[in-house]
Structure formats: structure tokens, C-alpha cells
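Heads up: the structure comes next, in C-alpha cells.
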Amino acid sequence: YFPFEELHIKVPSVGQFSEAETKESGVLVSAGKYDLIEGNSIYDISVAFNYGQGTGAAQLLRWITEHTEIVHNPPYQDWFCTMTIGSTSALDMALRMFTQRGDFILSEEYTFATAVETAAPMGVRVVGVKMDEQGLLADSMDEILSTWDERARGARKPFVLYTVPTGQNPTGATQGLQRRKDIYRIAQKHDLYILEDEPYYFLQMQPYTGQSAPPIPPPTSHAAFLSALVPSLLSMDTDGRVMRMDSFSKVVSPGSRCGWITASAQVVERYMKHADVSTQGPSGMSQLILFKLLDEHWDHAGYLDWLIHIRLAYTRRRDVILAACEAHLPRDIVSWKPPMAGMFHWLRVDWRKHPRARDKSVTDLEEEIFMASIRHGALVMRGSWFYADNTVEHDTMFFRATYAAAPEDKIQEAIRRFGDAIRESFGLEQA
Ligand code: PLP
């Protein structure tokens, strides 16, 4: 009695990915109710819109597993993928599986705020590991673990690392290959299990060449594109100590609520059982749409073309925000590193140069600048909202901007307004 007979959805043709091109020459992909018995497809409305399994539909899971093999090729035999309703939920489920009330997990000292909020009600706290422009510092993690004092901390030594290696939220930092190897080595030394959260993996951009140097030519083949990506922790996981979380949120659609994990057979088996009694896997409606697009229409080659398109689109947006920052922000007060991946631009404010730095706390000054920015009509996120551990004193001030969604002229205007807010707060002349 499902009241759905057919589904038609217009999607981009391979290589013609812009909205205008899709409107003009997009392709209508269709699903019928009984395509399976009628021999038209291996997945249809009658199957997708019914109860499914916690793993997600085998049809889409096969495509996802092939994709994972193409991109990461994990270096052990019994790895599997299973679908999730996105990485937010995957982390929630993983923490339920791997931790107990009172435990600490490790993460970057500035981290995805939702991760901290997910852990908190389970009684799980987060220890922040020091970072530089390549994110988490392996040596700092080693030191925390080597000097862990169970009594002083009131908790056993952490054995879970939650990390966002690429285009980290909020800092935009990307771990280079050597950094990833170092982190993996320290994880081996202390027998850590790694939760690798990678929604921004395919938002790795072309290297930044500055405003005047010519841009680096885009990858000309799928092989060149794939080899330009920093290898994942999963791809170097000889021990089966990584659970990688992938998501369609940042590269196809966050509303799909669909992603997947990749891990060893033992961990995937537990996750599947957990999904059976909690999420029950992603919505069949989402899965059918994704299957039609990714398997039947684009397939792997078309999807890689789409990812190259996204890479170049984000490169342009990143370059716009950097040019705006160079033009509108006072360089002696605000500093930044060009992001290599993701959608965030992390701006460091030298609060010590503020005229009231002596009698106001960093937090109060951060609040003041945040409110001034809103008054000027630009919304930036406060760095302190991303502390892994807000019981630790911080003496740095950051704001997170994003170049993901707004049109280019709005990005420029927002940065100009943020610059005005900074100048006002610091008592400088307006530009
Ligand atoms: N992980 C990180 C680091 C994120 O920044 C986000 C989104 O902002 C997510 C996970 C959410 O992913 P999903 O939509 O798959 O739940």
C-alpha cells in the first residue's frame, strides 16, 4: 500500500555539473515501484521504501564499498563498510560502543562542537591535543598519554582518538602525509583506536598560489585527482585500529542523512547490530535517490568527475575569501593560513594589541568583537565555542568564517564588515 508509484529526479549529466547546465541539459533518472520484478533495475520503490537492514541496502552498499576500495584500499583483508545516517550519528554510536561513563577521549584542542556535545551526556570528556597548521600534534598526544595519571585525572588512560584529519572543523587544518603517519605510530605505541571523521576529505583544494601567481592546473585524470589527495588514516591502517566515517553531507547533500563507516569485520559487525536496534540504517528514500544517481547514472567515473568539479569550485571560493581577507583585514591584528581543504577559514586575532587587553579577559573581548561583527552585519563563529575542553585556560582568540555557501560578492562584503568590526573594537581608523 505504499502511495508512491514512480520517482523522477533531474540530475546533472556527467561533465555538465553547474546548476545552469543541469537545468538546461540535466537527465531525468527514474525509479518505478516494481522495477526489480519487471527486470528494469536491481533496486526499486517497493524494496527501498520498505523496512530494510541496519547496514543499508545491499545495492547501494556495494557501490559504497567499491568507492572505498578505489579511494582508500585498506591494507588488510577483512574490512567492511556499513551505512550510517551521517557521521554525527556514527560518532554517537561509536562512543556508545567504545567508551564508558567517566572515560576521556582525545581530540584536537579545537574540535567539532557537536562531537563534544555528543560525548558529554554519556559522561565522556574530551582531552584536547595541541595543534599547529597541520592539525593534531602527534608529540603532544604522545606526551599526554605517556604522562597520564589515572589518579589525578580520575579516569583510565584514553584509548580512543577522535580526529578530523582533513579541513578540520573549525580550524580548516589538514594533516599532511607525514603527520598522519606520526599520529598512526603514536596510536600504535599507546594502542589507541582511531575514529577518523572525514566529511571534508573531498574538499581538498588546489594548492594556494597567492593572488598574483598563476593557478596550478586542475587534475587531468582520475588517477591524478586521487593521487593529489592526502592518503587517509584508513589507507595506512595495517592493524585494523581505524573506524573511518564518510558522509555524503558535504559533497552531495546533508539532507540525505546518509554516510558510511569502514572498519574491521569485528567492529562493523557490532555497528550493524547497534544500527539494527537504533537508526535502522538510512532512509530508503535517500538510498534510492543516491543509488539512481551514483550507481546507475554517474557510476564511479562520473562521481569522481563530480568530486573534481567540487574541488575546483571550493578552490575558487577559498581564493575569494583569501583575497577579501588580504584586502579588508588589518594584517597586524588578524592572521591566517590558507586552508588546503574544507569550508572553514580560521582567523587568529592578536587580542594583546587590544586597547583594553589589560583589564578584559580574552572571552570578554571575543564576545565584544563577535557582537560588533553582528552589528556590522557579518556572522562569524567564536573560537571558544569549539574548545575540546573548556575547563582549560586558553589565551588565544580565533573566529571561524566559512566560504561554503554564500555567493562570492557576499563573502567579500562579509569579510569587509568583519574588518570594520575589528577596527572599531580595536579603536583603529576605518579603512
Ligand atoms: N563531522 C564534522 C567534523 C563536521 O564538521 C560535520 C558537519 O558540520 C559533521 C561531522 C556532520 O556530518 P553528518 O552530516 O554526516 O552528520
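When residues of segment 232-254 are filtered for being near the ligand (Cβ under 10 Å from one of its atoms), part of a strand (DSSP E or B) and not polar (S, T, N, Q), how many remain?
Result for segment 232-254: 2.
Determine, yes or no, whether I42 is surrounded by 19 or more Cβ atoms within 10 Å (Cβ to Cβ) and either closer than 30 Å to L226 by Cα or out of contact with any strand residue (DSSP E or B) (no Cβ under 8 Å at 6 or more places or on another chain) (or both).
Answer is no for this residue.
Filter segment 274-309 down to residues that are among the β-branched types (V, I, T) and in a helix (DSSP H, G or I) and give me whichever is nearest to I70 (Cα to Cα).
I308
For segment 58-92, how many residues meet the condition of being touching a strand residue (DSSP E or B) at 6+ places or on another chain (Cβ under 8 Å) and either crowded, with 22+ Cβ neighbours inside 10 Å or more than 26 Å from K157 (Cβ to Cβ) (or both)?
Selection size over segment 58-92: 19.
T171 versus (1) within 16 Å of the ligand (Cβ to nearest atom); (2) assigned to a helix (DSSP H, G or I): which is the lone unmet condition?
(2)
Any residue at all in segment 117-132 that is within 12 Å of the ligand (Cβ to nearest atom), under 18 Å from M245 (Cα atoms), without any contact (Cβ under 8 Å) to a residue 60 or more places away in the chain and outside any helix (DSSP H, G or I)?
No: segment 117-132 contains no residue that is within 12 Å of the ligand (Cβ to nearest atom), under 18 Å from M245 (Cα atoms), without any contact (Cβ under 8 Å) to a residue 60 or more places away in the chain and outside any helix (DSSP H, G or I).
Being assigned to a strand (DSSP E or B), under 30 Å from H190 (Cβ atoms) and within 14 Å of the ligand (Cβ to nearest atom) is true for just one of S107, S89. Which residue is that?
From the options S107, S89, the qualifying one is S107.
In segment 287-304, what residues are touching a strand residue (DSSP E or B) at 6+ places or on another chain (Cβ under 7 Å) and open to solvent by 40 Å² or more (accessible area, probe 1.4 Å)?
Matches in segment 287-304: I289, E296, H297.
Yes or no, residue by residue, for (1) open to solvent by 60 Å² or more (accessible area, probe 1.4 Å); (2) within 30 Å of E5 (Cβ to Cβ):
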residue	(1), (2)
V230	no, no
M236	no, no
D239	yes, no
M243	no, no
S247	no, no
V252	no, yes
G255	yes, yes
W260	no, yes
M285	yes, yes
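Just give me the residues in segment 156-201 being within 15 Å of D103 (Cβ to Cβ) and open to solvent by 10 Å² or more (accessible area, probe 1.4 Å), in sequence order.
Within segment 156-201, R156, K157, F159, H190, D191, Y193 qualify.
Mind listing just one residue for me: the one in segment 377-404 that is without any contact (Cβ under 8 Å) to a residue 40 or more places away in the chain and within 23 Å of the chain's Cα centre (by Cα) and, of those, nearest to Y162 (Cα to Cα)?
That would be N390.
Taking the options R311, R257, R318, R270, name whichever one is touching a residue at least 60 places away in the same chain (Cβ under 8 Å), on the phi > 0 side of the Ramachandran plot and of a type outside the set (S, T, N, Q).
Checking each option against the conditions leaves just R257.
Identify the single condition in (1) within 16 Å of the ligand (Cβ to nearest atom); (2) under 20 Å from the mean Cα position of the chain (by Cα); (3) touching a residue at least 24 places away in the same chain (Cβ under 8 Å) that S278 does not satisfy, given that it satisfies every other one.
(2)
For the list (1) open to solvent by less than 10 Å² (accessible area, probe 1.4 Å); (2) out of contact with any helix residue (DSSP H, G or I) (no Cβ under 6 Å at 6 or more places or on another chain), I need the number of the one condition that K273 fails.
Condition not satisfied by K273: (1).
Give the residues of segment 259-273 that are more than 16 Å from the ligand (Cβ to nearest atom) and in a helix (DSSP H, G or I), sorted by residue number.
Listed by number, the residues that qualify are A265, Q266, V267, V268, E269, R270, M272, K273.
With the requirement that a residue be free of Cβ contacts under 8 Å to residues at least 60 places away in the same chain and of a type outside the set (A, V, I, L, M), what does segment 199-214 give you?
T209, G210, S212, P214, listed by residue number.
The values are calculated or read from the model by the stated rules, or taken from the named source; none is laboratory data. Note that the structure is a prediction, hence the values are computed from the model and not measured. Cβ coordinates were reconstructed from backbone atoms using ideal geometry, including for glycine residues, and neighbour counts include every protein chain displayed. The accessibility values were calculated without ligands, DNA or RNA, using every heavy atom of the protein model including side chains. Shrake-Rupley method; radii C 1.70, N 1.55, O 1.52, S 1.80 Å.
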